[in-house]
Amino acid sequence: MSLATGFCLLAFAMLSQVAEIPANVGHNSLTAGLLYTVGMLLVSNGILERSDRRFPSWLAALYLVGIVGGLWYFYYVYPNLIGRIYVLNFGLGLILLNACFLARFLAVGTRTDRALFWLLAGFGGHFLPRTLLTINSVAPGTTPGEFEQSVFWKTILLTTPILGAFAGLSILGVLVVDIVTKLRHERDLDPLTGVLNRRGLERRVGRLWGMGHAGQSGVVAVCDIDKFKAVNDMFGHGFGDTVLKRFAAVIRDNTRRHDIVARFGGEEFVLILKDMEEDQAFALTERVRTAIENTSFGASVGRKSITCSFGLARIRPGEPFGITLSRADKALYAAKSAGRNRTLAEWLPDMIEILTMQERKAS
């Protein structure tokens, strides 16, 4: 909304100057200056709003008073056309450069963020050289008719529409990319728990393993809420949803930002703990398991605890994710067979013993 309103005001400002509305030079200077300033502030604020930031209100008021007040001073108190040119052009440039400083985090963001940052910096920075290179064509006593024939004014008429259209289309492109990215992100999220869904997990795994980062080290953990069907049958699906949301929240609280957490289906979750040591991964899953066991889910549960089980497997360089996941599933099955409410990792002695016994039974 701020961006659209800002670009509209900039267009009206340009129209005011070119069509000489209002006709009085002083009134026209103040009207156009006000529209330019408010429009540029709204554009800057709109770009910052994209990242949940805002252009400070006190700073916006300072720019507004400084630019409009400067235009008034150099027309009514100390008439000076060159002074008005410097106030307006340098003021507008400083607004954009100030917004660029406030949005400097974009310079190290995504490709779209970086493009937006340099667009903002370039558009704001061009005011200074453009003014300095063409200001000599405007003499102190220049009449309005002579001003319209100056190189300075002709340069503005040429560059402003081109740069404005380019900036507007570029920002529109960024917004379209943002919308598509947001829709794709929402498509890959489980709406109940807020973690990745199975599709999102497959996309992330495909990208991670496809880039040759098949986790030179790390752990894949598969977890399952014990007897979840019985929980749903006894307390209702609404309560089951509460358990799932709480479970996902506990996992998020205990994982790092770059860890991958997904709801694989039903009550089963998958964690990819890349570059995490085995003992750290085991401790993390134990914290989650203990937290769930000690969580009170309401009076309807009574003394019955909600518990969960984990199975952990090492990430082996070059091994497909599906095989690693299968090994983690075996560890989870062993944890279930051993009595539930526990974490078993394939590298632990008791897990090795359980798997050996299972293999003997199978044979």
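The values are calculated or read from the model by the stated rules, or taken from the named source; none is laboratory data. From a predicted model like this one, the values you see are computed outputs, not experimental measurements. Reconstructed Cβ throughout: ideal geometry from the backbone, glycine too, with neighbour counts over all protein chains shown.
With respect to A335, determine if the residue is in a helix (DSSP H, G or I), under 13 Å from A221 (Cα atoms) and of a type outside the set (V, I, T).
Values: in a helix (DSSP H, G or I): yes; under 13 Å from A221 (Cα atoms): yes; of a type outside the set (V, I, T): yes.
Considered against the rule, which asks whether it is in a helix (DSSP H, G or I), under 13 Å from A221 (Cα atoms) and of a type outside the set (V, I, T), A335 comes out as yes.
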query: Is it true that L244 is crowded, with 17+ Cβ neighbours inside 10 Å and touching a residue at least 40 places away in the same chain (Cβ under 8 Å)?
result: yes
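Can you spot a residue in segment 154-162 that is in the same structural domain as A11 (by TED's automatic domain parsing), among the aliphatic types (A, V, I, L, M), modelled with pLDDT under 85 and under 19 Å from the mean Cα position of the chain (by Cα)? Show your work before the answer.
Within segment 154-162, the subset in the same structural domain as A11 (by TED's automatic domain parsing) is 154-162.
Of the ones still in play, those that are also among the aliphatic types (A, V, I, L, M) are 156-158, 162.
From the residues that got through so far, the ones that are modelled with pLDDT under 85 too are 156-158, 162.
If we keep only those that are under 19 Å from the mean Cα position of the chain (by Cα) too, we end up with none.
The answer is no, given that none of the residues of segment 154-162 is in the same structural domain as A11 (by TED's automatic domain parsing), among the aliphatic types (A, V, I, L, M), modelled with pLDDT under 85 and under 19 Å from the mean Cα position of the chain (by Cα).
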- request: Check M234 against each of (1) surrounded by 14 or more Cβ atoms within 10 Å (Cβ to Cβ); (2) assigned to a helix (DSSP H, G or I); (3) among the aliphatic types (A, V, I, L, M) and name the one condition it does not meet.
  value: (1)
field: Residues of segment 205-228 that turn out to be surrounded by fewer than 21 Cβ atoms within 10 Å (Cβ to Cβ), of a type in the set (G, A, S) and either farther than 16 Å from Q280 by Cβ or at pLDDT below 65 (or both), as a count
entry: 4
- line: Note on D52: of the conditions (1) at positive phi; (2) surrounded by 14 or more Cβ atoms within 10 Å (Cβ to Cβ), unmet is (2)
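Give the residues of segment 78-95 that are within 31 Å of the chain's Cα centre (by Cα) and either crowded, with 21+ Cβ neighbours inside 10 Å or not assigned by TED's automatic domain parsing to the domain that holds S150 (or both), sorted by residue number.
Going through segment 78-95, the residues within 31 Å of the chain's Cα centre (by Cα) turn out to be 91-95.
Of everything in segment 78-95, those that are within 31 Å of the chain's Cα centre (by Cα) and either crowded, with 21+ Cβ neighbours inside 10 Å or not assigned by TED's automatic domain parsing to the domain that holds S150 (or both) turn out to be G91, L92, I95.
Can you work out which of the residues in segment 63-77 that are closer than 18 Å to Q17 by Cβ and of a type outside the set (G, A, S) is surrounded by the fewest Cβ atoms within 10 Å (Cβ to Cβ)?
Filtering segment 63-77 down to residues closer than 18 Å to Q17 by Cβ leaves 67-68, 70-72, 74-75.
Right, trim to of a type outside the set (G, A, S) and you get 67-68, 71-72, 74-75.
Working: I67: 26, V68: 21, L71: 25, W72: 16, F74: 20, Y75: 20.
Out of the qualifying residues, it is W72.
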task: Name the one entry in F269, F264, F310, F247 that is out of contact with any Gly (no Cβ under 6 Å at 6 or more places or on another chain) and part of a helix (DSSP H, G or I).
output: F247
statement: Scanning segment 120-132 residue by residue, those surrounded by fewer than 20 Cβ atoms within 10 Å (Cβ to Cβ), touching a residue at least 40 places away in the same chain (Cβ under 8 Å) and within 23 Å of the chain's Cα centre (by Cα) turn out to be none
